[in-house]
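Student: Attaching a single structure in structure tokens format; questions to follow.
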Amino acid sequence: MDYLKIEEKWNKIWEETNLYKFDPNKLDKKFYLLEMFSYPSGASLHLGHWWNFGLSDSFGRFKRLQGYNVFQPMGFDAFGLPAENYAIKTGIHPEDSTRHNIELMEKQLRKIGATFNWEYELITCNPDYYKWTQWLFIQLYKKGLAYQKEAPVNYCPSCNTIIANEQVVDGRCERCDSEIIRKNMKQWFFKITDYAEELLSGLDKIDWPEKTKALQRNWIGKSVGAEVDFELENKKGKLTVFTSRADTLYGVTFLVIAPEHKLVKELVTPENKKVVDEYIANSIKKDEITRTSTTLEKTGVFTGSYVINPLTGEKVPVFVADYVISTYATGIVMGVACHDERDFDFAKKYNLKTKQVLTSKDGKEVKMPYCQYGKLVNSEEFNGLTSEEAKVKIVEKLEKLGKGRFKTNYKLRDWSVARQRYWGCPIPIIYCDHCGTVPEDESRLPVKLPHITDYKPEGEGPLGKCDEYMHTTCPKCGRPAIREADTLDTFVCSSFYQLRYPESLHNDKEIFNRDYVNKMLPVDCYVGGVEHATGHLLYSRFITKFLRDIGCLDFDEPFQRLFHQGMILGADGKKMSKRNTSKTADDYVNKFGSDALRLHMMFSLKYADGGIWDDAGIVHMKEFMERVERIVLKWGKLTGNVNNYGAAEKDLDYVLHNAIKEVANGYESFSFNTAVAEYMKLVNAMYKYDQNCEQINAKFAKDVAKNLLILMAPAAPHFTEELWEQLGEKYSIFNQHYPVCDESKIVLDEVEIAVQVNSKIVARMLVPTSADNTTILNIVKQDDKVRSQLDGKEVLKEIVVPKRLVNLIVK
RNA sequence: GCCGGUGUGGCGGAAUGGCAGACGCAUGGGACUUAAAAUCCCAAGUUCGAAAGGACGUGUGGGUUCGACCCCCACCACCGGCACCA
């Protein structure tokens, strides 16, 4: 078989006959399968793309055979730094290079022969798409969820832009590996923190890998505790701390405030000012150099001020120390030297007072610092309570005194969305001298990104240099006004694309139709890498919940099921790239065909784990296909009139129906390797039957051959379609229905059981599958070998595991 | 440090608590052939044994169970994430 020819042939026919067209009117059995769309980077498609798109496509084809109306759209996340950096490197305008790359990638993606619904293609840099990105921004702005504030941001001096927390890896830029600087800048944020609790609790109702849920939980970082107010000693005012260990409140011997905290200035007494200023200057510098080191010794300086413990009335000194983070909770921490590791180190270093307020629950002596829960001591009326009890009782008392309250904190920060770059979605905000900050009028959307030539990033949005873009009129008062020069983080663009896909064709009136989106979503299965766990996957959930709250849709979660593929790696164990693969996907396709490549990928590595690419087996996959071809063509054209259904037929039927069951299980769980193994087992059994039967039951054999083709269709689409035609069957194999497993065929009449006496196997025998436990025991006990083992001894206990094993325990 | 995951032959990898290593690669052998290629078949965890057969085997140590790769406890190694989060 000429694989290249048949691939070309069927790709063409499938396209011309619209075989995979999604029917928007048949939604009762729709299946929305989505693969994370990709950046149109300049490189040509490599094996990793085949791995990602080809294999999830096989899953889609399997669902199609099961009778689902599969919706599997494809598109491009076309804005953003990679596309722009590539453009800067090559000197070609981002728009031109992006369009060119999309064209190139699209052509190659089509070659995979995947059943993508290209007619729904989305490209995020198209005005008819980013119109809705801007619309979304405006809705968030109207609800107060898009806002500007002066905030410390991660600034990459090489890319000349602010980047999100998620894009900082070990204090470095994930793109260019430069050291990140912390800077205070006026920035646009989305208030994702408003949804922290729901983003957390929603995880319980979706079918996602535990790993990913754990990552998000960790990232959201819920911490239940209390706020406690400490009055200043000699002045009016108070310092509020957050603690999850209110049970240790009686043990507070100092307070620590973050160097960047606003109140530091007020706390510093004149005689301490010089030291404190120096310390702050130092720690801010340290921030830039080694922010992430946890082994760093705890340092700090005394401010000169004291506060009063609200319960004990004790005077407590206040320190500035950079082990306290200004952006988490209140930025002030109570120091309990005896019951916190860090506070202990700090107190020891500066010779501060310590006070033990906890002992172990069982009264054993404890070693300092004792950080576990225990029993309270030195805590007045709370003595004797457990930590768990005291955490509640103490805060209740503080509430009565008006000096504290229960409080829950989250590590999650608001989402920084502005980028000082050119190639992104323009922020639809206008600054008017009379009206202030005004969102663009929705009727004037999209705010088009101008085609400019000087797009090099220089710390401020390059759009600022484009007068025609910047100067506009205020949508409120009509007077001249200035536009926002920044563009949006691409994660904004990709936070709702799954909602827009179903209607990308025809709805230019609204972001999507409410009824229709409710029927099409959530996405039934979302496939993509785990690297987006705390980025895209969290943002999409947030935006979905927001759109629900403003009445655009009625569901809570965008992706019902999520599956992460593993990554396919080069010979050096590193991410696949041109450098570490000597052969491209095209090389393999040309030599063995795309079906063989796909089958080999499915079989040789676990989809969930990935691993190092090894092409050694691919030639054998081609041989396997030839093996299939020979037997299928032989059996499919048999004309004998033997109608016997004997032991051989029964055996083969067993293998077939077992395969029907296991192949389905394999696809459902993305265990493609075991699905392919089942094909091989079935083919082996067919050859055996072919050899061992003098006369072949032609009708039966034909049926097995056809079933094999249908089972294999998702894994080798062109190949099976061609054979299907050669058998004279009607176009197309993908209109067939996945065979039904006849359970009765995979139950054997007789089953071998092992008889154990005291856990030692003494005999093996055949018993009817239908026999119940009593019958089996009777048969067993009559057996000579068993009787001799029992030797008249009394049976204490009989265990019968149907179909497998009998165990007699004797005295 | 905390959270999550993984650990099975020379290799990729299978096993609702029930004959561990399916299926395949690499390996060895056989049939067909003048020969080779192609094709088809067989063997194969380790170890002792000529063989029949036995012993040991799923990172380590315990436990539950008639029975554990699988469940529980402790530990080790590797991978991933978070990391001074109060």
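The values are calculated or read from the model by the stated rules, or taken from the named source; none is laboratory data. Computed from a predicted model, the values in this text were never measured in an experiment. For neighbour counting, all protein chains shown are included, and Cβ atoms are generated from backbone atoms with ideal geometry for every residue, glycine included. Heavy atoms of the whole protein, side chains included, go into the accessibility calculation; ligands, DNA and RNA do not. Shrake-Rupley method; radii C 1.70, N 1.55, O 1.52, S 1.80 Å.
Student: Quick test of your reading of the structure: A:His718 fulfils all but one of (1) more than 13 Å from RNA strand B (Cβ to nearest atom); (2) in a helix (DSSP H, G or I); (3) surrounded by fewer than 23 Cβ atoms within 10 Å (Cβ to Cβ). Name the failing condition by number.
Tutor: Every listed condition holds for A:His718 apart from (3).
Student: Among the residues of the range A:52-64, is there at least one that is open to solvent by 10 Å² or more (accessible area, probe 1.4 Å), closer than 23 Å to A:Arg175 by Cα, modelled with pLDDT of 90 or more and assigned to a helix (DSSP H, G or I)?
Tutor: yes
Student: Here's a follow-up. Mind listing just one residue for me: the one in the range A:231-262 that is of a type in the set (A, V, I, L, M, F, W, C) and assigned to a helix (DSSP H, G or I) and, of those, farthest from RNA strand B (Cβ to nearest atom)?
Tutor: For the range A:231-262, the residue satisfying everything is A:Leu249.
Student: Would you mind stating whether A:Asp749 is under 47 Å from the mean Cα position of the chain (by Cα) and within 16 Å of RNA strand B (Cβ to nearest atom)?
Tutor: When the stated conditions are applied, A:Asp749 passes them.
Student: With the structure loaded, tell me whether A:Gly478 is in contact with a strand residue (DSSP E or B) (Cβ under 9 Å, 6 or more places away or on another chain), assigned to a loop (DSSP other than H, G, I, E, B) and modelled with pLDDT under 95 or whether it fails that test.
Tutor: Answer is no for this residue.
Student: Among the residues of the range A:639-652 satisfying the criterion of being open to solvent by less than 40 Å² (accessible area, probe 1.4 Å) and part of a loop (DSSP other than H, G, I, E, B), which is farthest from RNA strand B (Cβ to nearest atom)?
Tutor: Checking each candidate, the answer is A:Val642.
Student: Within the range A:34-51, how many residues turn out to be closer than 21 Å to A:Leu562 by Cβ and in a loop (DSSP other than H, G, I, E, B)?
Tutor: Going through the range A:34-51 one residue at a time, the tally reaches 3.
Student: So which residues in the range A:661-711 are more than 11 Å from RNA strand B (Cβ to nearest atom) and aliphatic (A, V, I, L, M)?
Tutor: Matches in the range A:661-711: A:Val663, A:Ala664, A:Ile696, A:Ala698, A:Ala701, A:Val704, A:Ala705, A:Leu708, A:Leu709, A:Ile710, A:Leu711.
Student: Just one of A:Leu569, A:Leu537, A:Leu597 is under 18 Å from A:Lys205 (Cβ atoms) and of a type in the set (A, V, I, L, M); which is it?
Tutor: Going through A:Leu569, A:Leu537, A:Leu597 in turn, just one is under 18 Å from A:Lys205 (Cβ atoms) and of a type in the set (A, V, I, L, M): A:Leu537.
Student: Still on this structure, I have one more. Any idea how many residues of the range A:326-352 are open to solvent by 10 Å² or more (accessible area, probe 1.4 Å) and either over 26 Å from A:Leu398 (Cα atoms) or among the aromatic types (Phe, Trp, Tyr) (or both)?
Tutor: 7
Student: Follow-up question, since we're still on this one. Scan the range A:307-325 residue by residue and report those that are more than 7 Å from RNA strand B (Cβ to nearest atom) and either assigned to a loop (DSSP other than H, G, I, E, B) or buried (at least 20 other Cβ atoms within 10 Å of the Cβ) (or both).
Tutor: A:Val307, A:Asn309, A:Pro310, A:Leu311, A:Thr312, A:Gly313, A:Glu314, A:Val316, A:Val318, A:Phe319, A:Val320, A:Ala321
Student: Of the residues that make up the range A:737-751, is at least one under 27 Å from A:Ile618 (Cα atoms) and surrounded by 19 or more Cβ atoms within 10 Å (Cβ to Cβ)?
Tutor: Yes, because at least one residue in the range A:737-751 is under 27 Å from A:Ile618 (Cα atoms) and surrounded by 19 or more Cβ atoms within 10 Å (Cβ to Cβ).
Student: A further question follows. I need a count of the residues in the range A:513-546 that are over 26 Å from A:His49 (Cβ atoms) and touching a Ser or Thr at 6+ places or on another chain (Cβ under 6 Å).
Tutor: Number of matching residues: 1.
Student: Could you say which residue among A:Ile550, A:Ile511 is surrounded by 15 or more Cβ atoms within 10 Å (Cβ to Cβ), touching a residue at least 24 places away in the same chain (Cβ under 8 Å) and among the aliphatic types (A, V, I, L, M)?
Tutor: It is A:Ile511.
Each row is one residue, and each column tells you yes or no for (1) in a helix (DSSP H, G or I); (2) in contact with a Cys (Cβ under 8 Å, 6 or more places away or on another chain); (3) within 30 Å of A:Asp57 (Cα to Cα).
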position	(1), (2), (3)
A:Ser97	yes, no, yes
A:Glu103	yes, no, yes
A:Lys107	yes, no, yes
A:Thr115	no, no, yes
A:Glu119	yes, no, yes
A:Leu136	yes, no, no
A:Gly144	no, no, no
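Student: Which residues, counting only those in the range A:553-573, are among the charged types (D, E, K, R), open to solvent by 20 Å² or more (accessible area, probe 1.4 Å) and part of a loop (DSSP other than H, G, I, E, B)?
Tutor: Residues satisfying the conditions are A:Asp554, A:Asp556, A:Asp572.
Student: Next question. Hey, does the range A:173-192 have a residue that's open to solvent by 20 Å² or more (accessible area, probe 1.4 Å) and small (Gly, Ala, Ser)?
Tutor: Yes: one or more hits.
Student: Considering only the range A:674-697, state which residues are open to solvent by 40 Å² or more (accessible area, probe 1.4 Å) and assigned to a helix (DSSP H, G or I).
Tutor: Hits for the range A:674-697 are A:Thr674, A:Met680, A:Lys681, A:Asn684, A:Tyr687, A:Lys688, A:Gln691, A:Asn692.
Student: Still on this structure, please answer the following. Got a sec? Which of A:Ala771, A:Ala713 is at negative phi, touching a residue at least 12 places away in the same chain (Cβ under 8 Å) and surrounded by 14 or more Cβ atoms within 10 Å (Cβ to Cβ)?
Tutor: Within the list A:Ala771, A:Ala713, the selection yields A:Ala713.
Student: Restricting the search to the range A:428-452, which residues are among the hydrophobic types (A, V, I, L, M, F, W, C) and open to solvent by 30 Å² or more (accessible area, probe 1.4 Å)?
Tutor: A:Cys435
Student: Filtering the range A:175-223 down to residues that are within 15 Å of RNA strand B (Cβ to nearest atom) and hydroxyl-bearing (Ser, Thr, Tyr), which residue is nearest to the chain's Cα centre (by Cα)?
Tutor: A:Thr212
Student: Which of the residues that make up the range A:121-134 are open to solvent by 20 Å² or more (accessible area, probe 1.4 Å) and not in a loop (DSSP other than H, G, I, E, B)?
Tutor: The answer is A:Ile123, A:Pro127, A:Asp128, A:Lys131.
Student: Moving on. Would you mind telling me which numbered condition in (1) β-branched (Val, Ile, Thr); (2) out of contact with any Asp or Glu (no Cβ under 9 Å at 6 or more places or on another chain); (3) surrounded by 21 or more Cβ atoms within 10 Å (Cβ to Cβ) A:Thr212 fails?
Tutor: Condition (3) is where A:Thr212 drops out.
Student: Checking A:Phe79 against (1) outside any helix (DSSP H, G or I); (2) open to solvent by 10 Å² or more (accessible area, probe 1.4 Å); (3) within 21 Å of A:Arg421 (Cα to Cα); (4) in contact (Cβ under 8 Å) with a residue 24 or more places away in the chain, only one condition comes out false. Which one?
Tutor: For A:Phe79, the failing item is (2).
Student: State whether one or more residues within the range A:517-526 are open to solvent by 10 Å² or more (accessible area, probe 1.4 Å) and farther than 26 Å from A:Gln216 by Cα.
Tutor: yes
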